[in-house]
Amino acid sequence: MKTTLVTRIVLLSLFIVGLAASLGCGSNRGGVEIWLEGVSMGTMSMDGKPISGLPSQKTNLLLKVGARKIYVSSEGNKTVMRLLPSEAKIIIGPEGMSLEGVQPDQVEIKWETPETKK
């Protein structure tokens, strides 16, 4: 009887710890949607590779990366937005826009805007 009770307590504890860890991992994204509206895909690249093959040259991008803090700086003629804690960068310059430190599954192409999404 005691071993069954101890086993149940251990399993329940592991379940609670696993649940807390999974909720914690989702919250480290920051829960923020970063919308980049009216992006011209002809000037868009991700990790140095151009994005192509879309039915329209103008689209909206939704970034799903951690963004508790956003630092904006300028480097020469470029504006750099660094997102923390994910360390992703959005670099905007005369030659277009580039994303660094963003995985493909963290970028969604949207045809609607945040206002029409509601």
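Some points to look at:
- Within the shell defined by Cβ-Cβ distances under 14 Å, the residues around VAL72 carry a net charge of +3, with Lys and Arg each +1 and Asp and Glu each -1.
- The label-point distance for VAL107 and SER40, in a model that sets each label 7 Å from Cα toward Cβ, rounds to 1.7 nm.
- For the pair GLU75 and LEU5, label points projected 7 Å from Cα toward Cβ lie 6.2 nm apart.
Every number here is computed from the coordinates shown, using simple stated rules; none is lab data. Note that the coordinates shown come from a computational prediction; the quantities given were computed from them, not determined experimentally. In this analysis, Cβ positions are derived from the backbone assuming ideal geometry, glycine residues included, and neighbour counts consider all displayed protein chains.
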